[in-house]
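J.: Quick one: the structure is below, and I'll ask about it shortly.
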Amino acid sequence: MTDGFDIGTRAKARCDVLGLPPCSEIDGQLTRRFLTPAHAAALSVLEGWMTEAGMSVRRDAAANLIGRYEGEAPGAKALIIGSHIDSVRNGGRYDGPLGIMLGIDLVEALHRAGRRLPFAVEVVAFGDEEGSRFPASMSCSRAIAGTLDASALEMRDADGVSVAQALAAFGGDPVGIAGAARSPKDVLAFLEAHIEQGPVLEAEGLALGVVTAIAAQKRIMVKIIGTAGHAGTTPMGLRKDPGPAAAECVLALERICRAGTGGLVGTVGRITALPGAFNVIPGAVEFSMDIRAETSATRDAAVDAICVEIHAIAAARDLTAEIRMAQALAESPCDPGLTDLLEQALADLGLPARRLPSGAGHDAMVMAALCPTAMLFIRCEGGISHNPAEAVTEADCALAARAMLGFVEKLSLSLSSRPQRSEEPGPQQSPAHPAVPDRPFGTSGMTGA
Ligand code: GLV
Ligand code: MN
Ligand code: MN
């Protein structure tokens, strides 16, 4: 690019800066949950980088940070480029932030070259893709897509703080959150770059891949209720202990998913015995189940099967089971036209355009309700993610940024250099796009991670 700016090469180092306090809640690891001081610190740093790159920066009611680089005509439709700034507990540094850094670099390259496009470019840092603080995830992209259910504001974290309370304390606007929704008339498309979080690209010796679709997922919370008692005095045959029942449920989920096809996977990522002491038979055991598949139909068949088994396991031990749905997201195909453009951008760099599906969830699957979407995958070491060992190379990040720039140039050409004003339609959405993804349901009053 011009004046020695090497697009994409600093993206990895910037993610590393954000991996430390104050941008992490905990020293020695990266934990940056939604609406925490670490989230606020990361947004402040990003705000500076976005401004330096030539963007005007604002925060919306849902705590999304949005940088805008105007197109040839002010007020043009926007290509939104973004990913999430929150992390899982003790996570990696690149899952999410890398896509934001690459978007900032892309804008800086345009800015330094004095280039304006027929559309605006916006870079968004979503705050809640992981759902690592509250039980459901993607509240921020849902707010932008206009699909956030009001009940999402009532979800509570492990300390009993609701999303509405945390958002207000953060400087967001829970009452006016509907104002964060963007109109399809103002948004041309959404592009997300993300580490693959799997081993396919590395195994095939490829730096980049083009995503075809994102898997359907469901989150359920299960509570098995028994009777708390003394661990020393209650004979084994006279206990109502939900612990062993919970263990059977975990094994049942594993059995159902192992026997399944169509990319079916199931995970119990969180399990809590209450009250939680060496010498107390738990009165209840709560656990999460995350179930995913290529299609909602396959996912739902597995969810139905495990729900039947959970009730049967509890009944056989004279216990009760409560199951609550925390979140459902339909599978989300990427837009075929945009996917072709991305593939051509890779080909221009001499890279094979490996197409692959995503088993991980992404904000792109929520944004698909608003506009056509495309996703670029970047190789990560050993396919390891949601783990501090997550690693990418500077060279792959630079290639990704160049591919994104190529995509943007091709998108400009495909629009025949006509300014994209709000009233003009953008690229056609695939007929396969779900018009409205499944909304979270039954989340009211739930407690979270
Ligand atoms: C996010 O990383 C998810 O796939 O849950
Ligand atoms: Mn993640
Ligand atoms: Mn992610």
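J.: Mind checking whether some residue in region 119-138 is free of Cβ contacts under 8 Å to residues at least 12 places away in the same chain and away from ligand 2 (no atom under 11 Å from the Cβ)? I'd like the intermediate steps shown before the answer.
T.: Going residue by residue through region 119-138, those that are free of Cβ contacts under 8 Å to residues at least 12 places away in the same chain are none.
Checked against the condition, which is being free of Cβ contacts under 8 Å to residues at least 12 places away in the same chain and away from ligand 2 (no atom under 11 Å from the Cβ), region 119-138 yields no hits at all.
J.: List pairs: first in region 34-61 and of a type in the set (Val, Ile, Thr), second modelled with pLDDT of 95 or more and open to solvent by less than 20 Å² (accessible area, probe 1.4 Å), Cβ under 6 Å, 6+ apart or cross-chain?
T.: Close Cβ pairs (under 6 Å, with a partner that is modelled with pLDDT of 95 or more and open to solvent by less than 20 Å² (accessible area, probe 1.4 Å)) amount to VAL57/MET50; VAL57/GLY67.
J.: Does region 274-282 contain any residue that is out of contact with any Asp or Glu (no Cβ under 9 Å at 6 or more places or on another chain), in the same structural domain as ASP318 (by TED's automatic domain parsing) and more than 30 Å from GLY229 (Cβ to Cβ)? Before you say what the answer is, go through the steps one by one.
T.: Residues of region 274-282 that are out of contact with any Asp or Glu (no Cβ under 9 Å at 6 or more places or on another chain), as a first pass: 275-280.
So of that shortlist, the ones also in the same structural domain as ASP318 (by TED's automatic domain parsing) come out as 275-280.
Now drop any that are not more than 30 Å from GLY229 (Cβ to Cβ), which leaves none.
No, region 274-282 has no match at all.
J.: Going through region 65-91 one residue at a time, which ones are away from ligand 2 (no atom under 16 Å from the Cβ) and either among the basic types (Lys, Arg) or within 23 Å of ARG10 (Cβ to Cβ) (or both)?
T.: Here is the first cut: in region 65-91, the residues away from ligand 2 (no atom under 16 Å from the Cβ) are 65-81.
Listed by number, the residues that qualify are LEU65, ILE66, GLY67, ARG68, TYR69, LYS77, LEU79, ILE80, ILE81.
J.: Within region 252-268, which residues are under 30 Å from CYS334 (Cα atoms), without any contact (Cβ under 8 Å) to a residue 40 or more places away in the chain and either open to solvent by 50 Å² or more (accessible area, probe 1.4 Å) or of a type in the set (Ser, Thr, Tyr) (or both)? Don't jump to the end; show me each part of the working.
T.: Filtering region 252-268 for residues under 30 Å from CYS334 (Cα atoms) gives 253-254, 256-268.
Among the residues that remain, those that are also without any contact (Cβ under 8 Å) to a residue 40 or more places away in the chain are: 254, 258-259, 261-262, 264, 267-268.
The answer is GLU254, ARG258, ALA259, THR261, THR267.
J.: So which pairs qualify, if the first residue must be in region 180-203 and free of Cβ contacts under 8 Å to residues at least 40 places away in the same chain, the second must be open to solvent by less than 40 Å² (accessible area, probe 1.4 Å) and more than 16 Å from ligand 1 (Cβ to nearest atom), the Cβ gap must be under 7 Å, and the two must be at least 6 apart or on different chains?
T.: Partner pairs satisfying both residue conditions: ALA181/ALA143; ALA181/ILE144.
J.: GLY179 versus (1) open to solvent by 40 Å² or more (accessible area, probe 1.4 Å); (2) closer than 23 Å to ASP95 by Cβ: which is the lone unmet condition?
T.: (2)
J.: Suppose the filter is more than 16 Å from ligand 2 (Cβ to nearest atom), closer than 20 Å to ASP60 by Cα and open to solvent by less than 10 Å² (accessible area, probe 1.4 Å); does ILE144 pass it? Show your work before the answer.
T.: Numbers: more than 16 Å from ligand 2 (Cβ to nearest atom): yes; closer than 20 Å to ASP60 by Cα: yes; open to solvent by less than 10 Å² (accessible area, probe 1.4 Å): yes.
Yes; evaluated as a whole, the condition is true for this residue.
J.: What helices (runs of 4 or more DSSP H), lying completely within region 269-374, carry at least 3 residues that are open to solvent by 30 Å² or more (accessible area, probe 1.4 Å) and either without any contact (Cβ under 8 Å) to a residue 60 or more places away in the chain or on the phi > 0 side of the Ramachandran plot (or both)?
T.: Values: elements: 296-316, 336-348, 363-367.
Output list reads 296-316, 336-348.
J.: Only one residue in GLY172, GLY209, GLY226 is within 30 Å of MET325 (Cβ to Cβ) and in the same structural domain as LYS12 (by TED's automatic domain parsing), so which one is that?
T.: On the way: GLY209 fails: within 30 Å of MET325 (Cβ to Cβ); GLY226 fails: in the same structural domain as LYS12 (by TED's automatic domain parsing).
After ruling out the rest, the residue left standing is GLY172.
J.: Within region 379-400, how many residues are more than 16 Å from ligand 1 (Cβ to nearest atom) and either among the hydroxyl-bearing types (Ser, Thr, Tyr) or more than 21 Å from GLU204 (Cβ to Cβ) (or both)? Reasoning before the result, please.
T.: So in region 379-400, the residues more than 16 Å from ligand 1 (Cβ to nearest atom) come out as 379, 381-382, 391, 393-400.
Next, only the ones that are either among the hydroxyl-bearing types (Ser, Thr, Tyr) or more than 21 Å from GLU204 (Cβ to Cβ) (or both) stay: 393.
Residues that pass the stated criteria total 1.
The values are calculated or read from the model by the stated rules, or taken from the named source; none is laboratory data. Since the model is a prediction, treat every value here as computed from it, not as a measurement. Note that each Cβ is placed from the backbone with ideal geometry, even for glycine, and that neighbours are counted across all protein chains shown. All accessible areas refer to the heavy atoms of the entire protein, side chains included, with ligands and DNA or RNA removed. Shrake-Rupley method; radii C 1.70, N 1.55, O 1.52, S 1.80 Å.
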